[in-house]
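**Q** Pasting a structure here, questions to come.
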Amino acid sequence: MIRPILIHPDPRLKKLCEPVAEITDEVKRLAADMLETMYDAPGIGLAAPQVGVTKRVLVMDCIKDGPPEPMVLINPQVVWSSEDVSTYEEGCLSIPEQYADVKRPAAVTVRWMDLDGVEQERIFEGLWATCVQHEIDHLDGKLFIDYLGPLKRQMITRKMEKLKRERARGL
Ligand code: K1U
Ligand code: ZN
């Protein structure tokens, strides 16, 4: 089922999400719905708070050409970050049509639990590294615009407030 994506500003996007204690059918349904919602958007990642669920679950697939590689990460943790950084022009499905350069570690090692409850660890590089850090930030209530200066952030927030007013009026 495709779930509606929350648009910034929304208090649910600013919350620290709760760890998942157990892989229940509800968590499996959430992950399946998040993947469907991400592919439909379309996007390369999605975090549970973006669909209004404050749990530490994220999905991603950064393969642009070739067979899809859907990933579900539960309780993800960055356990190592590279010293070298890379800059990528990021977007966000909760901040539509706004893009800005964000500097982040170029590679990260992430540990998480998969849908079978098995612990996994992997080094992410390139777009995967950018995306996984962007999504983990969502789980901590942080948006990519929080890396920008206050003026740019305020300008984007005002545009999103206007977009939400227009959508509410059915425009
Ligand atoms: O978390 C999100 O809001 C999803 C976001 C992830 C992301 C994008 C860019 C850098 C870091 C993280 C998106 O997927 S925005 C849409 C997007 O990037 C895209 C859409 C269609 C094709 C390719 C990319
Ligand atoms: Zn985002």
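The values are calculated or read from the model by the stated rules, or taken from the named source; none is laboratory data. Quick caveat, the model's predicted, so the values are computed rather than measured. Cβ coordinates were reconstructed from backbone atoms using ideal geometry, including for glycine residues, and neighbour counts include every protein chain displayed.
**Q** Could you pull out the residue among L171, L151 that is more than 16 Å from ligand 2 (Cβ to nearest atom), in a helix (DSSP H, G or I) and either under 30 Å from E26 (Cα atoms) or without any contact (Cβ under 8 Å) to a residue 40 or more places away in the chain (or both)?
**A** Working: L171 fails: in a helix (DSSP H, G or I).
That would be L151, the only listed residue that is more than 16 Å from ligand 2 (Cβ to nearest atom), in a helix (DSSP H, G or I) and either under 30 Å from E26 (Cα atoms) or without any contact (Cβ under 8 Å) to a residue 40 or more places away in the chain (or both).
**Q** Across region 11-38, what is the number of residues that are within 13 Å of ligand 1 (Cβ to nearest atom) and either under 29 Å from Q154 (Cα atoms) or of a type in the set (K, R) (or both)? It would help to see each step written out before you state the result.
**A** Kept after step one, since they are within 13 Å of ligand 1 (Cβ to nearest atom), are these residues of region 11-38: 13, 34-35, 37-38.
Keeping just the survivors that are either under 29 Å from Q154 (Cα atoms) or of a type in the set (K, R) (or both) gives 13, 34, 37-38.
So the answer is 4.
**Q** Continuing with this model, one more query. Which residues, counting only those in region 137-171, are loosely packed, with under 11 Cβ neighbours inside 10 Å and more than 16 Å from V102 (Cβ to Cβ)? Before the answer, list the steps.
**A** The initial filter retains those residues of region 137-171 that are loosely packed, with under 11 Cβ neighbours inside 10 Å, namely 149-151, 162, 165-171.
Within region 137-171, L151, K162, R165, E166, R167, A168, R169, G170, L171 meet the criteria.
**Q** I would also like to ask the following. Give region 134-148 a look and list any residue that's in a loop (DSSP other than H, G, I, E, B), within 11 Å of ligand 2 (Cβ to nearest atom) and either in contact with a strand residue (DSSP E or B) (Cβ under 8 Å, 6 or more places away or on another chain) or at pLDDT below 95 (or both), or say none. Spell out the reasoning first.
**A** Residues of region 134-148 in a loop (DSSP other than H, G, I, E, B): 140-143, 148.
Add one more test, that the residue is within 11 Å of ligand 2 (Cβ to nearest atom), and what stays is 142-143.
Correct list: L143 only.
**Q** Within region 15-24, identify whether any single residue is more than 16 Å from ligand 2 (Cβ to nearest atom) and among the basic types (K, R), and answer yes or no.
**A** no
**Q** Would you be able to tell me the number of residues in region 92-133 that are surrounded by fewer than 16 Cβ atoms within 10 Å (Cβ to Cβ), within 16 Å of ligand 2 (Cβ to nearest atom) and touching a residue at least 12 places away in the same chain (Cβ under 8 Å)?
**A** Going through region 92-133 one residue at a time, the tally reaches 2.
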